[in-house]
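For reference, the structure is listed below as structure tokens.
The values are calculated or read from the model by the stated rules, or taken from the named source; none is laboratory data. What you see is a predicted model; the values in this text were computed from it and never measured. Using ideal geometry, Cβ is built from the backbone for each residue, glycine included, and neighbour counts are taken over all protein chains shown.
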Amino acid sequence: MMAGVLLAGTVACGSSASGPDASEIADVHTSTASMSAPSLPPAPIGDERGAVLSREPFAGITGEIEDTGATVTKVTYRSTSGVTNSGTEVVGTVFTPEGQAPEGGWPVVTVGHGTTGVTDECAPSSSPTLLGTADVVGQLLERGYVVAVSDYEGLGTEGPHPYLEPTTAAYNLIDAVRAARQIVPAASTRWAALGVSQGGQASWSAAEHADDYGEGLEFVGSANLSPAADLAGIADGNVAEAMTLPQKMFLPYLLEGLQLLHPEMDPTDYLRGALAENPDTALSCVGAMLTEKWNVATQMRPDDTVPRTPADALQMRKWLEGIALPQSKAAGPQLVVVGSEDNLIFPEWTEHAVEKACANGDVIAFRTRTGEGHADARAIPGAVQWVADRFAGVPPENTCQEGGS
């Protein structure tokens, strides 16, 4: 699809491991927070969440969005870290449709972008095409929605990007709705999420936090395309030794995110060879460096991505289970879409996550698109229609009642 979605294609594998233990997740977050908490700002509360700190016109947006007549605004807004429970500043982009708002206000869709990278130049708001998210935004604008695209914490702002830490991503997406409503007074309190790959994990997690963190807003549903819901299987020897090229390109990002949560981790226990020897290339996301990353990844040997010891493999699986979804019951209906030929996030990993969510009592429409790969653009129109049906009050499909996924 586009640069961001292609890289999101590196978002990995999750197997049929059991779900994360809530106490383990809490322990991880608490220990990380206590390590650095004295210098951290307090988390925003009430109207402070999503408060816009700065705004400016977005210059040079791609023609497919410009042609819609939308007003495009780059914003910095307040949010919350899911790791330290401290206050953060996040950059995003708000799109206002052309014309007059309908009665009740424009509905808002918060978009979770696919993997772009983990460094500041990987922020979608730095690119006229939003690094691959413009197509999604354009289709939503054509439906008459206000659209908010969060860069996510740490992309284009101070501090590291907590890659694939789901709670932070959920908070960022929900606060982007609040920021959009400040930019667009005619926006409704009704909102939906739509995410792809990394963003599919973010939109799914936003559905789980919509009632508590999203207080004061009306959540209608979440569409999650090729979501990075459960990647624990990437630690398994048979997968690690036979990684696809997209998985090899994704692995450095995954390790970067895990090391933020677990500073004691030694990345060389999980990655060696050409990518490990070229860290700048391994974490690159744009231009010639991205091409070089692809070339370097093709030079890797099968054992370069195998955990060094069985104990290392078990530890990595435990860490990945700690960020796997579901983590709680969702606050509204969800669409989950996978491609049958996805060679980054294998379909069976997502199917297993859906089975667990169904067991939680979630309402899910699970769809497998035959012959399509990871984050395939052909899935977007159907997801946009699913969102439109939620705003229209159409009863949601629930494949959980049809015997699971």
Notebook entry, point to check: If you check E241 against the conditions, is it touching an Asp or Glu at 6+ places or on another chain (Cβ under 8 Å) and surrounded by fewer than 17 Cβ atoms within 10 Å (Cβ to Cβ)?
Noted result: yes
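Listed here are the residues, each with its yes/no results for (1) part of a helix (DSSP H, G or I); (2) within 13 Å of the chain's Cα centre (by Cα).
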residue: L140; (1), (2): yes, no
residue: A148; (1), (2): no, no
residue: T167; (1), (2): yes, yes
residue: A170; (1), (2): yes, yes
residue: D175; (1), (2): yes, no
residue: R181; (1), (2): yes, no
residue: A193; (1), (2): no, yes
Next item on the list: Please report, ordered by residue number, the helices (runs of 4 or more DSSP H) entirely within the stretch 1-101 with at least 3 residues that are within 25 Å of G114 (Cα to Cα) and modelled with pLDDT of 95 or more.
Entry: 63-66
Margin query: Can you tell me how many residues within the stretch 301-357 are assigned to a helix (DSSP H, G or I) and touching a His at 6+ places or on another chain (Cβ under 7 Å)?
Written below: 1
Check: Of all residues in the stretch 372-405 being among the polar types (S, T, N, Q) and in a loop (DSSP other than H, G, I, E, B), which is surrounded by the most Cβ atoms within 10 Å (Cβ to Cβ)?
Finding: S405
Next item on the list: Pairs only if they're at least six apart or on different chains, beta carbon under 8 angstrom, first in the stretch 146-166 and surrounded by fewer than 24 Cβ atoms within 10 Å (Cβ to Cβ), second hydroxyl-bearing (S, T, Y) and modelled with pLDDT under 95; list them, first residue then second.
Entry: none
Checklist line | Those residues of the stretch 210-230 which are surrounded by fewer than 22 Cβ atoms within 10 Å (Cβ to Cβ) and of a type in the set (D, E), in sequence order | finding: D211, D212, E215, E218
Notebook entry, point to check: Mind checking which residues of the stretch 279-298 are under 27 Å from S125 (Cα atoms), polar (S, T, N, Q) and not in a helix (DSSP H, G or I)?
Noted result: S284
Note to self: For the stretch 373-382, check the following and say yes or no: at least one residue is in the same structural domain as E218 (by TED's automatic domain parsing) and closer than 14 Å to S222 by Cβ.
What the structure shows: no
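Each row is one residue, and each column tells you yes or no for (1) within 23 Å of the chain's Cα centre (by Cα); (2) aliphatic (A, V, I, L, M).
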| site | (1), (2) |
| --- | --- |
| A288 | no, yes |
| M300 | no, yes |
| L325 | yes, yes |
| A331 | yes, yes |
| H352 | yes, no |
| A383 | yes, yes |
| Q401 | no, no |
Notebook entry, point to check: Are there any pairs with C-beta distances below 9 angstrom linking a residue in the stretch 286-306 that is closer than 13 Å to L245 by Cβ to a residue that is aromatic (F, W, Y) and buried (at least 16 other Cβ atoms within 10 Å of the Cβ), with the two at least 6 apart or on different chains, and if so which?
Noted result: T305/Y270
Next item on the list: Considering each of P102, P97, P128 in turn, give the residue that is crowded, with 20+ Cβ neighbours inside 10 Å and assigned by TED's automatic domain parsing to the domain that holds A169.
Entry: P97
Margin query: Just checking, does the stretch 225-242 include any residue being outside any loop (DSSP other than H, G, I, E, B) and free of Cβ contacts under 8 Å to residues at least 24 places away in the same chain?
Written below: yes
Notebook entry, point to check: Could we say that T370 is within 15 Å of S203 (Cβ to Cβ) and of a type in the set (S, T, N, Q) here?
Noted result: no
Next item on the list: Kindly check whether there is at least one residue in the stretch 353-367 that is under 21 Å from L254 (Cα atoms) and not aromatic (F, W, Y).
Entry: yes
Note to self: Could you check the stretch 102-134 and list, in sequence order, the residues that are in a helix (DSSP H, G or I), in contact (Cβ under 8 Å) with a residue 40 or more places away in the chain, small (G, A, S) and out of contact with any Lys or Arg (no Cβ under 9 Å at 6 or more places or on another chain)?
What the structure shows: A134
Notebook entry, point to check: Looking at (1) modelled with pLDDT under 95; (2) of a type outside the set (S, T, Y); (3) within 24 Å of V363 (Cβ to Cβ), can you tell me which one Q201 breaks?
Noted result: (1)
Check: In the stretch 361-371, which residues are surrounded by 15 or more Cβ atoms within 10 Å (Cβ to Cβ) and over 18 Å from V220 (Cα atoms)?
Finding: R367, T368, R369
Notebook entry, point to check: Listed residues S205, S150, S197; which is among the polar types (S, T, N, Q) and either farther than 24 Å from A232 by Cβ or out of contact with any helix residue (DSSP H, G or I) (no Cβ under 6 Å at 6 or more places or on another chain) (or both)?
Noted result: S150
Item checked: Odd one out for L271, checked against (1) in a loop (DSSP other than H, G, I, E, B); (2) touching a Phe, Trp or Tyr at 6+ places or on another chain (Cβ under 6 Å); (3) closer than 26 Å to L155 by Cα; (4) outside the structural domain of C122 (by TED's automatic domain parsing) -> (2)
